Amino acid sequence: MHLRLTSVFTQSFRSSWYIVLLVLLAQAAWSQQKTSYEISFENAVHHEAHIQVTFSGLPTKPLEVLMSRSSPGRYALHEFAKHVYALEARNSKGQVLAVTRPTPYEWNIAKHDGTVTITYTLFGNRADGTYTGITALFAHLNMPATFLWARGLENKPMEVSFKLPEGKNWKIATQLKPGANPSTFSAPHLQYFMDSPTLVGNFIQRKWQVLDGSKTRTLQLAIFNDGPETVVDEFTQKLQQVVLELRAVFGELPEYEYGQYTFLGSYMPYVSGDGMEHRNSTMISGPSGLQNHLVPYLNTAAHEFFHSWNVERLRPRSLEPFDFERANMSGELWFAEGFTSYYGDLAVKRTEAISLEDYAGDLGANLNFMLNAPGRQLFSAIEMSQQAPFVDAAVSIEPNNRRNTYLSYYTFGNMLGLALDLTLRKEFNNISLDDYMRRLWKKYGKEEKPYTLQDLKTTLGELTGNQNFANSFFSSYIEGKETAPYQALLAQAGLQLQKAYAGKASLGLESFKFTSQGATVGATVLRGGPLYKAGLESGDIITHLNGNVFTAEAYQDLQAEKKPGDEVSIRYIQMGTPKEGKVTLIEDPTWQVVTYEEINLPITTQITNFRQNWLASKAKQK
């Protein structure tokens, strides 16, 4: 009996393992299936691309195909499906399949034979980092705005072949993995594929290598420029310096999959201004040539390259994983985007591409914007970050009150980075924001362990050895609505935060469209300003101020004659009804930052040393 049972058990065991083996082989075959795309540009002059995608090895259930609604690096919805038409589906035998459309951005194919090939036409006429632009000169391809994908196949390999027009010398630049064929590239899964913008055309190329510890990293610039090629060489040289300065912050470059980081640049009248970060590349565009805006474009490149650490690898848990079907919200964008803005500016200064006076001017512009934003009374930096789905290139037609309720997390976070950097340098010996970023990189970014707000706070306490300081800074300036003592902090570096027009009477930061009969009030009237308190609204027509017709010349005369706190009469027309009242003038609220040299204040040894430690090149010190 024992032998018989053993025999039965053995047969049953072998049979079970045979089934398991078949399942494993089927799973292995399934895992090798890939999504294959082909894109061609026969009608590029009319901004169209023809795209074919094949999904194979499909289960029997209906295939659900989608066009993304959001894009990596953006936080609002964009509904890319609106540019897809002439869609058709066929099975492996070439037979046409029925397609249903359950949502505006989804197509379903219920009856197929395990293979579905979809062809469609894509319209794209906005070349930037978010959309797709197709012309007779180039193709700017942002993948979520270009390619359909299938729900349930997100972890499958993806391959794309580019059918380039003949006789144009078009090339391809992308962070995708190169294939054996120079026009074919691949990605391990959907997340990487969608994060891989591609530039196609007869662009200029520059490559260089950076020795990073014991490893050599390759960086590439693929660029269109409306101007002389010599300017591309100048830009490349400055970009190389930026790369070294930002590497010095973290102590190393990230590990770039497939061995290369690529700057994709277009600076010509046929593109829109933008900058978008990606894991191993960035797409940057501007509507005029490098020679006219070299430093601003360099600043954008620095910002996006810093993202290859901060947000691509040093990533908030709130953005994991990126959702292509919904808006992505994070309360940490003041850090992910704002601190990145701070380092974009700082890196350019450390390369000496701009003067101290110009850097001070940029700080003043950002502080002026921040300090005069009424929205800071309503929302913290965290809450401002959470509004990204409503403001990050989001489109709506109804009027909004953003001027009174919102402050960009880019500017807010930029100035929080300034405050934390200068505070650390003031309160702690030999500790700066560079040390904080490096510590966060080693703790979270290098291992790609998503962080939380509490992780940021705890790490600041660990760095300083003072958790009370970290808790206080966060509760006051990041979780709360207090303002850092910028005047005292900047004074360490011999920089003066002051009113640009001290003592000058003003109606505030409102804009006016003047005529000989008066002036129309421009954008949203600022909460708490003189006109707001007097009951005026955007679009009102001010006819008289202080008894005089309200012209540009009359306003200048009034500012010279009156002082802040003076009350003057005002007559205006609101929604067709003449009105009159009183308005109290204030001191012009514009802030600026100037160097001590500009206002003849002494430069001490302490100031000189502070500037050196803060603003001098860190790459040259390595």
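The values are calculated or read from the model by the stated rules, or taken from the named source; none is laboratory data. Everything numeric here is computed off the predicted structure, so don't read it as measured data. Cβ atoms come from the backbone with ideal geometry, glycine included; neighbour counts cover every protein chain shown.
In region 100-151, which residues are charged (D, E, K, R), within 26 Å of Gly57 (Cα to Cα), modelled with pLDDT of 95 or more and part of a loop (DSSP other than H, G, I, E, B)?
Result: Asp113, Arg151.
Give the residue that is farthest from the chain's Cα centre (by Cα), with candidates limited to residues of region 571-591 that are of a type outside the set (A, V, I, L, M, F, W, C) and closer than 25 Å to Phe369 by Cβ.
Thr584
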> On the given criteria, is Lys513 among the basic types (Lys, Arg) and more than 24 Å from Trp334 (Cβ to Cβ)?
Replying inline: yes
> over 20 Å from Leu490 (Cβ atoms) and out of contact with any His (no Cβ under 7 Å at 6 or more places or on another chain), is that true of Leu333?
Replying inline: yes
> So Ala248 clears everything in (1) in contact (Cβ under 8 Å) with a residue 60 or more places away in the chain; (2) under 21 Å from the mean Cα position of the chain (by Cα) except one condition, right? Which one?
Replying inline: (2)
> Among all residue pairs at least 6 apart or on different chains, which show Cβ distances below 6 Å where the first residue, located in region 90-113, is surrounded by 12 or more Cβ atoms within 10 Å (Cβ to Cβ) and the second is among the acidic types (Asp, Glu)?
Replying inline: Asn91/Asp113; Ser92/Asp113; Asn108/Glu64
> Just checking, how many residues over region 172-208 are of a type in the set (D, E, K, R) and touching a Phe, Trp or Tyr at 6+ places or on another chain (Cβ under 6 Å)?
Replying inline: 1
> What number of residues in region 37-63 are in contact with a Pro (Cβ under 9 Å, 6 or more places away or on another chain) and surrounded by fewer than 17 Cβ atoms within 10 Å (Cβ to Cβ)?
Replying inline: 2
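For (1) assigned to a helix (DSSP H, G or I); (2) within 28 Å of Asn372 (Cα to Cα); (3) free of Cβ contacts under 8 Å to residues at least 40 places away in the same chain; (4) out of contact with any Pro (no Cβ under 7 Å at 6 or more places or on another chain), each residue gets a yes or a no:
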site: His544; (1), (2), (3), (4): no, yes, yes, yes
site: Ala554; (1), (2), (3), (4): yes, yes, yes, yes
site: Gln559; (1), (2), (3), (4): yes, yes, no, yes
site: Lys563; (1), (2), (3), (4): no, yes, no, yes
site: Ser569; (1), (2), (3), (4): no, yes, yes, yes
site: Val593; (1), (2), (3), (4): no, yes, no, yes
site: Ile603; (1), (2), (3), (4): no, no, no, yes
site: Arg611; (1), (2), (3), (4): yes, yes, no, yes
site: Lys620; (1), (2), (3), (4): no, no, yes, yes
>> Checking the condition at pLDDT 95 or above and under 26 Å from Pro389 (Cβ atoms), which residue from Lys449, Lys443 passes?
In response: Lys449
>> So in region 325-342, with the set limited to residues that are touching a strand residue (DSSP E or B) at 6+ places or on another chain (Cβ under 8 Å) and more than 14 Å from Met384 (Cα to Cα), which one is surrounded by the most Cβ atoms within 10 Å (Cβ to Cβ)?
In response: Phe339
>> For the condition within 25 Å of Leu97 (Cα to Cα), touching a residue at least 60 places away in the same chain (Cβ under 8 Å) and assigned by TED's automatic domain parsing to the domain that holds Thr60, what is the one hit in Phe147, Phe162?
In response: Phe147
> With respect to Tyr120, is the statement that it is hydroxyl-bearing (Ser, Thr, Tyr), in contact with a strand residue (DSSP E or B) (Cβ under 9 Å, 6 or more places away or on another chain) and more than 27 Å from Gly94 (Cβ to Cβ) true?
Replying inline: no
>> Looking only at region 571-591, how many residues end up being assigned to a strand (DSSP E or B), in contact with a Leu (Cβ under 8 Å, 6 or more places away or on another chain) and among the polar types (S, T, N, Q)?
In response: 1
>> For the structure I just gave you, tell me whether Val583 is under 29 Å from Ala365 (Cβ atoms), of a type in the set (A, V, I, L, M, F, W, C) and touching a Pro at 6+ places or on another chain (Cβ under 6 Å).
In response: yes
> of a type in the set (Asp, Glu) and either on the phi > 0 side of the Ramachandran plot or touching a residue at least 60 places away in the same chain (Cβ under 8 Å) (or both), is that true of Glu580?
Replying inline: no
> Quick one: in region 521-538, which of the residues that are buried (at least 16 other Cβ atoms within 10 Å of the Cβ) and among the hydroxyl-bearing types (Ser, Thr, Tyr) is nearest to Ile570 (Cα to Cα)?
Replying inline: Tyr532
> Given region 452-537, what helices (runs of 4 or more DSSP H) lie entirely inside it while holding 1 or more residues that are in contact with a strand residue (DSSP E or B) (Cβ under 7 Å, 6 or more places away or on another chain) and either among the basic types (Lys, Arg) or touching a residue at least 24 places away in the same chain (Cβ under 8 Å) (or both)?
Replying inline: 486-491, 530-534
> Which one of Glu561, Glu567 is farther than 28 Å from Gly361 by Cα and loosely packed, with under 12 Cβ neighbours inside 10 Å?
Replying inline: Glu561
>> Here is a check on your reading of the model: is Asp233 surrounded by fewer than 17 Cβ atoms within 10 Å (Cβ to Cβ) and over 22 Å from the mean Cα position of the chain (by Cα)?
In response: yes
> Here are some residues: Phe369, Phe339, Phe379, Phe335. Which one is out of contact with any Phe, Trp or Tyr (no Cβ under 6 Å at 6 or more places or on another chain), of a type in the set (Phe, Trp, Tyr), at pLDDT 95 or above and not in a helix (DSSP H, G or I)?
Replying inline: Phe379
>> Need pairs with beta-carbon distance below 6 Å; first residue touching a residue at least 12 places away in the same chain (Cβ under 8 Å) and in the same structural domain as Ala145 (by TED's automatic domain parsing) and within region 52-78, second surrounded by 17 or more Cβ atoms within 10 Å (Cβ to Cβ) and of a type in the set (Lys, Arg); sequence gap 6+ or separate chains.
In response: Leu77/Arg69
> For the subset of region 415-441 comprising residues that are outside any helix (DSSP H, G or I) and touching a helix residue (DSSP H, G or I) at 6+ places or on another chain (Cβ under 6 Å), which member is surrounded by the fewest Cβ atoms within 10 Å (Cβ to Cβ)?
Replying inline: Phe428
> Which of the residues that make up region 46-70 are more than 23 Å from Ala136 (Cα to Cα), assigned to a loop (DSSP other than H, G, I, E, B) and not polar (S, T, N, Q)?
Replying inline: Gly57, Leu58, Pro59, Lys61, Pro62, Met67, Arg69
> Could you count how many residues in region 325-353 are over 16 Å from the mean Cα position of the chain (by Cα) and of a type in the set (A, V, I, L, M, F, W, C)?
Replying inline: 4
